[in-house]
Every structure is written in structure tokens, then in C-alpha cells.
Amino acid sequence: MDQSIDQSAIAPHSARVGGEFFAAPTSSPQRRYEALRAYLLDGQPAALVAARFGYTTTGLLSAVRDFRAGARDFFAEGRPGPKHAPAKDAARERILALRAEGHSIDEIAATLRTEQVPLNRTGISEVIADAGLPRIWRRPDTQRGGSQRGDLPRARVLDPADLPEAAPTQMAGLLLAIPDLLALNLPALVAAAGYPGTREIPAISYMLALLALKLTGTRRVSHVNDLAADPAAALFAGLNALPKTTALTSYSYRLQHAKQKAFLTALDTATLAHGLAEGDVLNLDFHAVMHWGADPALEKHYVPRRSQRTRSVLTFFAEDATTHTLLYANADLSKASQSNEILAFADHWHTVTGHDPALLVFDSKVTTQPQLGQLTERGIGFITLRARTPKLTAHLQALPADAWTTLTVARAGGKTRRVHLINDPATRLSAYPGTLRQLAITGLGHDEPTILITNQHATPAKQIIETYSRRMNIELRLAEAIRSFGLDALAGAVPLNIDLDVVLSVLAHTVCAALRRRLPGYATATPDTLQRRFLSTSGTIVNRDNQITVRLDRRAYSPVLRQADIPDTTVPWLGGRTLHYEYP
């Protein structure tokens, strides 16, 4: 008798509980294992296996090739962890003894630090939980005899005679900004704006206190207490201590837009006078600052960082295209008025310089065609994008190859790029009164042609393209302001008036632009680099006679500081005392 068994005659068994794990693998290594097993061992077709396990046929064959080459690590090896924690074991008895006396986790942690057996709060909590003991709340300092938190002093005008002979500080480098603030004549700028003071704190000190937060990268006024008691920050503002959160917020909401406008007019005049801006070409852009708090009475704008339209404050900025210095900001905007902001800026520039701007560069969303017509009527040059429509794109694609002219344009870093160009000197738009020059360019990295329109008919096409390409610099400046000055932190525990906040960002950016010119090798440094390496440097303030000496601790950059052009300065808000700098 044939003892062999016909395997095909055996009915398949149903899967047992847990078998679904193998039928529908979830992790990538298991899925690869099951797919390779089905293809290599069971001999199933590649297309069928790929479809079953979510691969493409090419991807499955690639996994097969890797497997045959030795990639066979599918299963992780179990590695048992440590069976005990030496630090917890050493402190266990002491923790339980202190807990039996009624001490909380914070109190136990403080005691262990003094007894040279430190353990973090998590470890202490685990020891208490393992012993089955309930959690208790931390007692007030007055009840447990611990140290009490001292209140920060009330802000008032500093009498330099009350300064100690020597005071350590974490922000000695902040005082490096004072010579440039005096060069810009900040007291005169504040007076021109008509900023008010209070009985205890003059206007200049309020502005310096807010500026100190910007220059040191202190995250919004909700964290002002981190800086309020620092001797250098107080000295910077001419106060015994910085004003606290409520005072700064309340003060910011006392200032109307007209005062910010007057301040920027005076600041831009000083910026141009000191060569921090040239003003020949000005880049313009909008920036939406997202609101993070409760539902506000704000309009919705597109926020690129969130890729969505949401409640936000629309702000407008202008940048000098040559020196990259921010010159203007306005947060007093609405959808109804935003298209006219370009004309408002032209009026501002006329007030500052006595003439309209020569050339403005912006994208297509900054204004509308009627406003472009008003710019041309005033003799203001502009270069801007034209929105690509399907009809315009189809027309350009239908043109023969010989209709395009080859041109070489400069790129950042001294590199060049070859582009193709169609120059139309008489393009008409639906709402623009007259004709404009239109440049269609391919080869700039976009799938579709880039369309520029301008009223600069005599300017070479190469110069127009290169000038517009540098408009991206203003987006870099806004990114710097977000990173360095908290520009996007509209809502916090204690918010500032956003209109004042953007003006302070412009002022801080200008001060950093002035400071980096004094530091060898830092002519192009970004504000956050200056903050990390210089403005947030610790040191000591020494007060003797009529001179205040600032001794900075930053040894690694002492060669830069010793060679820097930072003069001794007489500071009017410090009672006429001289500020002197020393480096290790």
C-alpha cells in the first residue's frame, strides 16, 4: 500500500487567534519579510506579491536584490535593560525617611542636593510611587522655612551714584549698542515722535527698556522678568530696574500710529545721514503675523508659515535694496486700505528725503493696477510681477523658439544663469492707464515663465531681472526679524501693541546694522549672530568717579572687540557719565 499522503487533499485549517498578525503586517521590516517569503519561497508572481504587500513591482525586485546581497536583518534582538538604578538605590532610604516626615518632592530634591546624593524629581517620584505612598503638595516657603522669592524693585530713574562699585551682569554686551544709539540720536528721535513718559520713567527709558528685549532676543515681554533685574539691562535703559510686564504692555497701547509714523520719519532721516541706507532702490513686502490667542477681532490673511488663511495682523515693510537695512513698518492696515499702502510709503519717503522714491520693487500682491498708474503719474519707477493666467501662459508657450532671446544674468554669490527672454515694450493691462513694459523670462527655476512688468522702458532687461531677483532679500530680513526680534510673537501672556512692536523691530535691525560695521569680519552678520556672540555677553560693570567701565567676559571674541571701533561715550540718560569698554 502506498503510504504517501496527498498533501493537496488536506483541507486548509482556519487561522487561529493571533494569526492576523502574519496576514496583515504593519511594520516595514515585517512587511518586507512576508513579501520576500511569498516571492522567493512560495514562488508567487512578483506583480501579485507587490500588490498584496503595497509595493511596486520594481520596488519588490529591488528588495529581492538587496536580500540576495545580504540585507537580511528583519528582527530586532532583545537587549534587557539595567535591572537597577544606582542613583535611586543610593537615595531610596533617605527619600522614604524624608517623605515620612511630610516633605514634598521639591523639598526632598533640595535636601538631597545638600547631602551630595542628588536625584531629579522624576526619580524621587518613582521611588515614592514604588513604595505605594501618595503624592503631597509642596508647602509654601513661609511654612517650610525655605528661602522666599524677593520682589523686583519698582522701576525708576537711576541715580548712577547709587550703583555699586562692581556689579556682575549677564548682559554686559547689551551696552555695546549705546554708541550707535547715540550716533542715531535716539533722544531726538523719541522727542520727534512725541512719545510720552510717566512720573517715574521718562519716554527714552521706556523705549530703551523695550529695545533691550529686542536686542537680547528675550522672548516677548512675558519673559521680561528674566532681564528686569539685570544691572546691564537697567543701566542700558537708565533705570534701577526694567519696567515689568504690565507697565510695558500698558505703555505700548498708549501710543497711536501717528507717533510710530513720526518716529520712523526721524529714524529714516538719521539712517540715511549715517550711510546705513542709500535709498536708490527699495524693496517692499507684506507680512501676516498670526494671532495665537482667543478669537480676536482680526481679519483673515494668508500666513505662509501655516499655508492657510487665518486671523492675523497684516504688516508692511520696506528695505533698502543695497544695504539690506529695514526702513519702514506699518501694522495699522486693513484689507480695505492695504493696496494704498504703497502710496502711503511713497508719501513717507517724500517726507524723509524731500522727493519721491526712485524705484520700488515688490510682488504682484502689494498693490493694484490703478495704484500702479498713480505711481507712474508721480514719476515713481516700479518693477513687479504680473500674475500668470492660463491664457497668457498658453500664448507664451505657443511662441516659436526663435522668439526668445538668450541672456546671462547674475546670481547670488557671483554666479550666473542663462535665461530666455521676450521683451514686450507696449503691454496693456485691464485697469492700468497706458502701456507697460513686459518681460517674460524662462530659466529662473520655475516650470512656467516669470512675468515682470515695469514702467522703466530705458533700463536694460538684464538690470531689471537682476534688480527684481534681489527683492527676495526683504524676505530674508523678515525671517531675521522673526528669529531675532520675535516679530511673529503677536500673542503671548502679555502682548505688546503690534504697531509699536514692528517699529521696535525696525529700530533693533538698524542698531544691529550699525553695530556690525564696527566689528571686523562681521559686516554681513545677521542679528541673531550678533546677539549670541556679543549683545548677550556676560561681564562686570565697574562704577568709579564719573566713568562706568563695562568689562566683557567673551574671551573667544576679544581680538574682534579689541579691534572694533567702539568709542567711549558720554550717555545723557546716565547723568552725563562716560561709558568705557574693556575686553579680556
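The values are calculated or read from the model by the stated rules, or taken from the named source; none is laboratory data. Predicted model only: the values in this text are computed from it and were never measured. No Cβ is skipped: glycine too gets one built from the backbone with ideal geometry, and neighbour counts run over all protein chains shown. Note: accessible area is taken over every heavy atom of the protein model, side chains too, but ligands, DNA and RNA are not part of it. Shrake-Rupley method; radii C 1.70, N 1.55, O 1.52, S 1.80 Å.
In table form, for the structure just shown:
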| item | result |
| --- | --- |
| Selection within region 421-454 - among the hydrophobic types (A, V, I, L, M, F, W, C) and not in a loop (DSSP other than H, G, I, E, B) | LEU421, ILE422, ALA426, LEU436, LEU439, ALA440, ILE441, ILE451, LEU452, ILE453 |
| Residues of region 311-341 that turn out to be over 23 Å from GLU480 (Cβ atoms), not in a loop (DSSP other than H, G, I, E, B) and not basic (Lys, Arg), as a count | 3 |
| Matching residues in region 165-196 - criterion: being charged (D, E, K, R) and assigned to a helix (DSSP H, G or I) | ASP180 |
| Residue that is most open to solvent (accessible area, probe 1.4 Å), among those in region 275-304 that are modelled with pLDDT under 80 and either in a strand (DSSP E or B) or touching a strand residue (DSSP E or B) at 6+ places or on another chain (Cβ under 7 Å) (or both) | TYR302 |
| Where a residue in region 372-392 is open to solvent by less than 70 Å² (accessible area, probe 1.4 Å) and its partner, wherever it lies, is part of a helix (DSSP H, G or I), with Cβ under 7 Å and at least six apart | ILE380/ALA346; PHE382/LEU372; PHE382/LEU375; ILE383/ILE464; ILE383/THR467; ILE383/TYR468 |
| Qualifying position, being within 23 Å of LEU213 (Cα to Cα), free of Cβ contacts under 8 Å to residues at least 40 places away in the same chain and in contact with a helix residue (DSSP H, G or I) (Cβ under 8 Å, 6 or more places away or on another chain), among ARG518, ARG533 | ARG533 |
| Every pair of residues 6+ apart whose Cβ atoms lie under 9 Å, when the first sits in region 167-196 and is more than 15 Å from GLN531 (Cβ to Cβ) while the second is polar (S, T, N, Q) and part of a loop (DSSP other than H, G, I, E, B) | PRO168/SER538; THR169/SER538 |
| Qualifying residue in region 246-269 (condition: open to solvent by 10 Å² or more (accessible area, probe 1.4 Å), within 24 Å of the chain's Cα centre (by Cα) and not aromatic (Phe, Trp, Tyr)) | yes |
| Residues satisfying the stated conditions in region 95-114, i.e. closer than 12 Å to ILE128 by Cβ and of a type in the set (Lys, Arg) | ARG99 |
| Selected residue [within 23 Å of the chain's Cα centre (by Cα), of a type in the set (Lys, Arg) and surrounded by fewer than 17 Cβ atoms within 10 Å (Cβ to Cβ)] from ARG555, ARG532, ARG544, ARG516 | ARG532 |
| Residue in region 189-210 that is basic (Lys, Arg) and either surrounded by 17 or more Cβ atoms within 10 Å (Cβ to Cβ) or touching a strand residue (DSSP E or B) at 6+ places or on another chain (Cβ under 8 Å) (or both) present | no |
| Residue within region 427-435 that is of a type in the set (A, V, I, L, M, F, W, C), out of contact with any Cys (no Cβ under 9 Å at 6 or more places or on another chain) and either open to solvent by 70 Å² or more (accessible area, probe 1.4 Å) or farther than 30 Å from LEU333 by Cβ (or both) present | no |
| Which listed residue is surrounded by 14 or more Cβ atoms within 10 Å (Cβ to Cβ) and in a loop (DSSP other than H, G, I, E, B), from VAL352, VAL361, VAL366 | VAL366 |
| Test set (1) of a type outside the set (Lys, Arg); (2) at pLDDT 80 or above; (3) in a loop (DSSP other than H, G, I, E, B) - LEU272 fails condition number | (3) |
| Members of region 468-477 that are in contact with a strand residue (DSSP E or B) (Cβ under 7 Å, 6 or more places away or on another chain) and either β-branched (Val, Ile, Thr) or surrounded by fewer than 20 Cβ atoms within 10 Å (Cβ to Cβ) (or both) | ASN473, ILE474, GLU475 |
| Qualifying residues in region 309-323 (those that are in contact (Cβ under 8 Å) with a residue 40 or more places away in the chain and open to solvent by 10 Å² or more (accessible area, probe 1.4 Å)) - the one nearest to HIS348 (Cα to Cα) | ALA321 |
| Odd one out for ARG199, checked against (1) among the charged types (D, E, K, R); (2) closer than 30 Å to ALA167 by Cβ; (3) in a helix (DSSP H, G or I) | (3) |
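Results for (1) at pLDDT 85 or above; (2) of a type outside the set (D, E, K, R), shown as yes or no for each residue.
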position: ALA63; (1), (2): yes, yes
position: ARG72; (1), (2): no, no
position: ILE108; (1), (2): yes, yes
position: THR122; (1), (2): yes, yes
position: LEU133; (1), (2): no, yes
